[in-house]
Amino acid sequence: METRDTGAALTSEEAVRSATGRSYEAWFRVLDEADMVSRGHGEIAGALTGEHGVAHWWAQTITVAYERARGLRPPHGGRDGLFSISASKTIEAPVERLFEAFMDGGLRERWLPGCELRERTSQPARSARFDWADGATRVNVGFEPKGDARSQVGLAHERLADAEAAEDMKRYWRERLNALKGLLEG
């Protein structure tokens, strides 16, 4: 089957080969031979983990790349027609302070002005899930300590309507995470 040009891979070829023992194209051949192009995302990822022993995270990475290469999923898009983006930043601050910057409305207003985040659920210093603005989209945030005074935030903004909205939000979150870094490290 012909591979479509769908933009840059989600994770480097070298990283995939190192972690799984095969390149993207080698995995794509395995999946094509099993007629996975006609299967759902969960079934493809399940075959990679169950039949080939690929770790869950790598199975997801390969599955998304395969779906993109075969024209089943646009960049930043899901097979459901919705789009999502991710952004992350390592910040010189304890993970508890980083978590607080998302959870405390006054502090959040200083780096994320005018934005409405409504908490859905959270685990202190680990994760938080929010409805964004009118609730049509969601923001899921994970926090990871990188030492006593350094931590990383990773977020996914999900259920975006189209590719243009995804690109806009990708830019927006990069800017806002830089503002957060400036606030907490300043």
- prompt: Mean separation of Cα pairs under 8 Å and 6+ residues apart, divided by the residue count of the range 13-69: what relative contact order is that in percent?
  reply: 33 percent
- request: Show me 107-113, 178-184 ranked by packing, highest mean number of other Cβ atoms within 10 Å first.
  value: 178-184, 107-113
query: Mind checking the log10 I(q)/I(0) for the range 83-185 at q = 0.12, 0.24 Å⁻¹? Debye, one equal scatterer per Cα, no solvent, two decimals.
result: -0.35, -1.43
field: Dipole magnitude (debye, nearest 20) for the chain, charges at Cβ of Lys, Arg, Asp, Glu
entry: 300 debye
Sum of -39500 (n - 2.57) over DSSP H runs of 4+, divided by residues of the chain (222 nm, nearest 500): -14000 deg cm²/dmol
For Cα Rg over 2.2 N^0.38 Å, calculated from these coordinates, the label among (1) 1.25; (2) 0.93; (3) 1.15: (3)
message: What does the net charge come to around ARG22 if you take all other residues with beta carbon closer than 14 Å to its beta carbon, with K and R at +1 and D and E at -1?
response: -4
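Any read-out appearing in this document is the output of simple, stated calculations on the displayed coordinates, not a laboratory observation. Just so you know, these numbers come straight off a predicted model, no measurement behind them. Reconstructed Cβ throughout: ideal geometry from the backbone, glycine too, with neighbour counts over all protein chains shown.
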